[in-house]
Amino acid sequence: MPTPNYALRLATEADIPALRTLIEQSVRALQANDYTPAQIEGALNHALGLDTQLIADQTYFLAETENHELAACGGWSNRATLFGSDHGPNRISALLNPATDAAKIRAIFVHPDHARRGLGSQMLAHCEAAAVAAGFTHFEMGSTLTGVPLYTLKGYRPIEAVNVPLPNGERLPILRMAKTLEPPITKS
């Protein structure tokens with residue numbers, strides 16, 4: 001089966017129902033090897049889910065197939081919230097300063113039917129480029145255990161392990177990770 005071509009675009013409010021469905025399908029299928037069913041149930045729409053502030057800020061993207069099938073989503077933020085949905089923990093809407101703060105890479109999810117085709121890498125690169133265009137050179141994220149191998153490969157380093165308390169009494173282990181862009185080499 002040939003690999004589909006994917007088009008990236010800004011997510012809109014009209015995409016919210018489809019994005020929520022994609023995120024749930026992604027979490028249930030692709031994170032099942034790293035988290036228990038109870039952790040997944042407690043994390044959905046809390047620690048793992050859609051933050052509609054990213055859509056309002058025009059920093060959330062989606063990838064579609066040629067047939068307009070939603071294949072992946074992800075974003076970045078110039079706000080202090082590190083991870084989580086609209087109902088997630090530790091929401092901080094304060095704006096970040098690109099000169100001193102790290103842009104937050106947020107909520108990258110791939111539909112299970114499109115996994116292992118480079119979409120996570122493509123979405124990450126797109127989000128980083130958008131944050132760089134806004135003046136950021138440092139990035140930070142709260143990665144699921146499932147995402148750690150990809151983000152490590154892409155230059156992120158672990159900062160701290162975090163156990164996020166979930167509404168159902170479970171805890172979701174995530175890893176806070178960071179990356180700093182290397183300054184361009186200039187010729188003298």
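The values are calculated or read from the model by the stated rules, or taken from the named source; none is laboratory data. In this text the structure is predicted, and so the values were computed from the model without any measurement. Backbone-built Cβ (ideal geometry, glycine too); neighbour counts: all protein chains shown. Note: accessible area is taken over every heavy atom of the protein model, side chains too, but ligands, DNA and RNA are not part of it. Shrake-Rupley method; radii C 1.70, N 1.55, O 1.52, S 1.80 Å.
Near the amide H of Ala11, within less than 5 Å, lie the amide hydrogens of Tyr60, Phe61, Leu62, all on another chain or at least 5 residues away, with H placed in the peptide plane. Ranking Ser121, Met141, Ala131 by how far each Cα lies toward the positive end of the dipole of the range 95-188 (charges on Cβ) leaves Ser121 at the top. Counted over all Cα-Cα pairs of the range 37-167, pairs farther apart than 25 Å make up 22 percent. For the range 80-160, the per residue solvent-accessible surface stands at 47 Å², with DNA, RNA and ligands left out and a 1.4 Å probe. Computed extension gain for Asp101 through Arg171, at 0.36 nm per residue and net of the alpha carbon distance, reaches 22.4 nm. As a rough guide to protection, the peptides 62-75, 159-172 ranked by mean Cβ packing within 10 Å, highest first, stand as 62-75, 159-172. For the range 38-140, the set of trypsin sites (Lys or Arg not before Pro) satisfying both a DSSP loop assignment and a count of at most 16 other C-beta atoms within 10 Å is given as Arg91, Arg116, Arg117. Placing +1 on each Lys and Arg Cβ and -1 on each Asp and Glu Cβ, with no other charges, gives the chain a dipole about its Cα centre of roughly 500 debye. A simple rule links phi to the HN-Hα coupling: the Karplus curve 6.51 cos²θ - 1.76 cosθ + 1.60 with θ = phi - 60°, which for the range 137-142 gives 10, 10, 10, 9, 8, x Hz, with x for Gly and Pro. Length available on full extension from Ile159 to Leu181: 0.36 nm per residue minus the Cα-Cα distance, which gives 6.3 nm. Taking the Cα of Arg117, stepping 7 Å toward and past its beta carbon, and measuring to each backbone N in the range 1-45: which are under 13 Å? The answer is 1-8, whose backbone nitrogens lie closer than 13 Å to the label point.
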